[in-house]
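Readers should treat all values here as calculations from the given coordinates under stated rules, not as data from a laboratory. Being a predicted model, the structure only gives us computed values, none of them experimental. In this analysis, Cβ positions are derived from the backbone assuming ideal geometry, glycine residues included, and neighbour counts consider all displayed protein chains.
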Amino acid sequence: MELCSFLTLDSFITDPLTHDFMRKALLMSSLVAAVCGFLSSYLTLKGWALMGDAVSHSVMPGVVVAYALGLPFSLGAFIFGVGSVALIGFIKQKSRVKEDTVIGLVFTGFFALGIVLVSKIKSNIDLHSILFGSPLGISLSDVKQTILISLLVVILLSIFRKDLMLYCFDPRHAKTVGINVFFLHYLLLTCLSLAAVVGLQSVGIILVVAMLITPGATAYLLTDKFDNMTVISVLSAIISSLIGIYVSFWFDLETGGSIVLAQTFIFLFAFLFAPRYGIFKLKKLFAGYK
Amino acid sequence: METINYQNFRIEAENICVDYNGKVALYDANLRLKPGQICGLVGMNGAGKTTFFNALTGFVNISKGKIRINGESVRSAQKDQTIAYVPQNEGIDSQFPISVWDVVMMGRYGSMNIFRCPRESDVQAVKHAIERVDLTDHLSTPIGNLSGGQRKRTFLARAIAQRASILLLDEPFSGVDIRTEKLISELFIQFKNEGKTILLSTHDMIHVREFCDLVLLINKTVVAYGETSEVFTPENITTTFGGISPDFLFGPES
């Protein structure tokens, strides 16, 4: 039955839109993708991929505790996200263990704590939806919270757009001309925690790091201008979300996984065919026909 | 442009110490520089040259001692855009997606509003700075597509656009072409005449003789400091480089 609908592209796109949950999922996932995509250019340039992984896993116990106490889950996630980074910094400074080891050690510890807490606090928390996301089952209060957090992150990133770029590029110069580098460091970290929280609704805790690094990496292969990189990153993130949700609807696949897979395919496409930095530099191929 | 009514020193560093997590990088270091002076900072790798720069810019905190910039604290020097730092080529990510224009504009960030919107005066300052380093043809070139020398000039232009009175340059002559080297040495003479103070680190002994009025030899602390003609002796250099003979450093003709 569903296969017949494929005959027209029109119905492929419009049929899902007749369902309320699908309209909501498409809208919310696009918003979340835009936020994560925006942040993504900073994280990839700063080399914070592992940090993104750490923070996004570490928010787990925060989400669980907040649910149990009836607090907004973003608050719990934020505290644990920033807390994990503080702890990483502290252990690194006070011991001889290397940084990547400390990062891996801390975030898996936090993540494990989250899983244990879920099993202990028998509430209405759905472990599956935290781990793998549930864009199709997003509740009204979650919608409000997601919109609020997304707006906050977008506003913060927009105001400090250039300062954050400078911070990623040359923090020493930023410091020398009197720009508060300490503030920028924690601003980026705060945005990272918040983006991880909204991102986990779309694709879940395990895959949210992909939302935070893949769009930026794709854009990095396609441009040499920072502003363009941000735009491409946001667009590729939104497009992957839409593709992921449609594909998961028609083929009955896990939605979070489909979104991330779509991002991965777009990255691979850029990796192979990017005009300047792709393996098969498209520019050269076209030049050959002239 | 600025009035100099303090004791006439641009940089005063008194007995400064810097340590990273208990590891001493620099101790009891002193330096006094006046407007128009060019000072060479010479030492081995790991002797504390970059640490010295970091202390002066406030990028690391000193654990002991005192630093005065134009008679004031490092913090207010930062606010007043007094110090410009020109990094080593290796010290920056050359693949960062940013153009020459945008890098030089970063020199103006400290005196812009919070959104860093360039005013007409900022645009003029950036244009002028790029002209002085002869990169007008490369305004929108990504820094990744520049040669080492062009990249060095981009960061020099940033320092010019900042209108700083003190320039700290980390290895300004390393990895640059002859044209850039000539342009930098001409700029140094202009900076000197404008009354700017320059502190530059270098491995190249010939450059020290050529440009530097003063020389600061360091090896975790100051080995010798003074007029280049008096202090830059084979004995002092040997001490600075841990016993390596200056013949080896200068080549056989010295």
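Quick look at the values:
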| read-out | value |
| --- | --- |
| Helical segments meeting 18 Å axial Cα length and Kyte-Doolittle 0.5 threshold in chain A (DSSP H) | A:20-46, A:49-69, A:73-94, A:99-120, A:140-159, A:181-203, A:208-222, A:226-251, A:255-273 |
| Prolate/oblate/rounded call for the range B:65-199, Cα gyration tensor, a/c under 1.5 rounded | oblate |
| FRET efficiency estimate (nearest 0.05) - Cβ-Cβ, B:THR221 to A:ASN228, R0 60 angstrom | 0.80 |
| In sequence order, calculated HN-Hα J values of the range B:183-192 (Karplus, 6.51, -1.76, 1.60; Hz; x Gly/Pro) | 4, 5, 5, 5, 4, 4, 5, 4, 4, 4 |
| Partner aspartates and glutamates for B:LYS64 [C-alpha distance under 16 Å; skip if fewer than 8 residues away on the same chain] | B:GLU12, B:GLU14, B:ASP19, B:ASP28 |
| Within the protein assembly as shown, percent of DSSP bridges classed antiparallel, to nearest 5 | 55 percent |
| Electrostatic dipole magnitude of the protein assembly as shown [Cβ: Lys, Arg +1; Asp, Glu -1; Cα centre; debye, to 20] | 580 debye |
| Theoretical FRET efficiency, 1/(1+(r/R0)^6), r = Cβ-Cβ of A:LEU71 and B:ASP177, R0 60 Å, to 0.05 | 0.45 |
| Rg to Rh quotient for chain A, alpha carbon positions, Kirkwood Rh | 1.00 |
| Leading residue at positive end of dipole, the protein assembly as shown (Cβ point charges), from B:GLY22, A:LEU71, A:ALA274 | A:LEU71 |
| Hz values of 3J(HN,Hα) by residue in the range B:46-55 - Karplus curve (6.51, -1.76, 1.60), Gly and Pro given as x | x, 7, x, 5, 5, 4, 4, 4, 4, 5 |
| Difference of contour (0.36 nm per residue) and Cα-Cα distance, B:SER140 to B:MET112 | 7.9 nm |
| Value of relative contact order over chain B, rounded to a whole percent, pairs C-alpha under 8 Å and six or more apart | 25 percent |
| Surface/4 estimate of mean projected area, convex hull on alpha-carbon atoms of the protein assembly as shown, nm² | 31.5 nm² |
| Total lysine pairs under 27 Å (Cα atoms) in the range A:3-289, excluding pairs fewer than 8 apart on one chain | 18 |
| Rh by Kirkwood over Cα pairs, then Stokes-Einstein D for the range B:132-217 at 1.567 mPa s and 4 °C, µm²/s | 95 µm²/s |
